[in-house]
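S.K.: Shown below is the structure under consideration.
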Amino acid sequence: MPPIDRLPPLREVIATHGLAAKKSLGQNFLLDLNLTARIARIPGDLTQADVLEVGPGPGGLTRGLLAEGARRVLAIEKDTRCLPALAEIAEAYPDRLEVIEGDALEVDARAHLNSPIHVVANLPYNVGTELLIRWLTPAEWPPYWQSLTLMFQREVAERIVAQPGTKAYGRLAVLAQWKAEARIALTLPPEAFTPPPKISSAVVHLRPRPQPAFPADPAAMERVVAKAFNQRRKMLRAALKGLHPQIEAKLEEADIAPTARAETLSIEQFAALARTLG
Ligand code: SAM
C-alpha cells in the first residue's frame, strides 16, 4: 500500500523525538498508518467536519484523520514530549491541525470547535470511561458531537454495547444505549500497539439519539441505575431499598417484578422505573 502521507514513518518519529511510551500516561501507540486511516474512516465523511482527538501522542491517528480529509483536527495532548512531532504534522497540513497542550479532563474543547463535530480517539485507558460519561451527560441533549469513535480495552467496549441478561450489562450499557446507538466497529489484538498492552482493545462507535430512547429525568435515571447495579445480585426490592419507602409498590407500578434483578431489566424498564420514582 502507498504511504498515506509524506511524513516520516512513526517508528522514526518516535526515535527522533525520544517518545518512549510512558505507562503512567496510558501510552500504547498505533504505528500502522493504514490501521489509523481505517479507524479514521469509521465516522464516515469528515471533509466538512471538525474532529476532536484526545491524546494524539506521536500522531498516528491524527495523520490518519488528516489524510482521510478531516476539515480540521483539534488534538489535546498532556505529554509535552509529543508536541514537536505534532508540530511537524501541523506544518504538513497547513491550517488543519490545532494542538492544545493540556489535560483533556480540564480543557474546554467545545470552545475551539465548529459544528459538525466528531470525536475520534485512541484514549488513554485511565481517563477513557470518565470522558465517555462526560460526553454522554452534557447539560443539553442532543450533544454538540455527531459521533464518538473511541478505542477502549475490549472488556470496557463490551460493557458499553452489552445487552440485558449478560454479565457485561450494567450502568455503562444503560447510560450509553439510552442516549446513543453503540456498536463495536473494530477489535484489535495487543500486537497492534507499541508497546502491546496485556489485553485486546476495541473501537466503539456511538451516534447520539435525537433524544434518549425512553423518556425519563436524567438524574432520576442515574440514581435508579446506579443503585440497582450497585448490588446487582440482589433482587430489586432489596437493592433499591432506600430510594422509596414503598419500593415494592413502585416497582409493581412500573410493571417490574420486585424479585427481578438489575441485569435482567431493559433500558425501557429502567426509564419506566425512573419516571415512577420521579
Ligand atoms: N493517539 C495515539 C495513538 O493512537 O498512537 C496515542 C494513544 S495513547 C493510548 C494515549 C495518549 O493520550 C498518549 O499520548 C497520552 O500522553 C495521552 N494522554 C494521557 N492522559 C491524557 C489526558 N488526561 N489528556 C490528554 N491526553 C492524555
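The values are calculated or read from the model by the stated rules, or taken from the named source; none is laboratory data. If you're wondering where the values come from, they're calculated on a predicted model, not measured in any experiment. Note that each Cβ is placed from the backbone with ideal geometry, even for glycine, and that neighbours are counted across all protein chains shown.
S.K.: How many of the residues in the stretch 42-51 are within 15 Å of the ligand (Cβ to nearest atom) and surrounded by fewer than 24 Cβ atoms within 10 Å (Cβ to Cβ)?
M.R.: Summing the residues that are within 15 Å of the ligand (Cβ to nearest atom) and surrounded by fewer than 24 Cβ atoms within 10 Å (Cβ to Cβ) in the stretch 42-51 gives 1.
S.K.: Something else now. Conditions first: (1) under 21 Å from GLU191 (Cα atoms); (2) away from the ligand (no atom under 12 Å from the Cβ); (3) outside any helix (DSSP H, G or I). ALA70 passes all but one, so which condition is the exception?
M.R.: Tallying (1) under 21 Å from GLU191 (Cα atoms); (2) away from the ligand (no atom under 12 Å from the Cβ); (3) outside any helix (DSSP H, G or I), ALA70 fails exactly one: (1).
S.K.: Follow-up question, since we're still on this one. Pairs only if they're at least six apart or on different chains, beta carbon under 6 angstrom, first in the stretch 18-32 and at pLDDT below 95, second within 7 Å of the ligand (Cβ to nearest atom) and acidic (Asp, Glu); list them, first residue then second.
M.R.: From residues that are at pLDDT below 95, the pairs are LEU25/ASP79.
S.K.: Return a yes/no flag: does the stretch 247-268 have any residue that is among the β-branched types (Val, Ile, Thr) and either within 19 Å of the chain's Cα centre (by Cα) or part of a loop (DSSP other than H, G, I, E, B) (or both).
M.R.: yes
S.K.: Please specify each residue of the stretch 36-45 satisfying the condition of being assigned to a loop (DSSP other than H, G, I, E, B) and touching a strand residue (DSSP E or B) at 6+ places or on another chain (Cβ under 6 Å).
M.R.: ILE42, PRO43
S.K.: Okay, next question. Can you name the number of the only condition in (1) basic (Lys, Arg); (2) within 30 Å of GLN231 (Cβ to Cβ); (3) within 16 Å of the ligand (Cβ to nearest atom) that ARG110 fails?
M.R.: (2)
S.K.: Let me ask another. Could you figure out which of (1) surrounded by fewer than 14 Cβ atoms within 10 Å (Cβ to Cβ); (2) more than 27 Å from PHE193 (Cα to Cα) isn't true of LEU105?
M.R.: (2)
S.K.: Continuing with the same structure: Please list, ordered by residue number, the helices (runs of 4 or more DSSP H) wholly in the stretch 120-212 having 1 or more residues that are touching a helix residue (DSSP H, G or I) at 6+ places or on another chain (Cβ under 7 Å), touching a residue at least 12 places away in the same chain (Cβ under 8 Å) and surrounded by fewer than 19 Cβ atoms within 10 Å (Cβ to Cβ).
M.R.: Fully inside the stretch 120-212 and qualifying: 125-136, 171-179.
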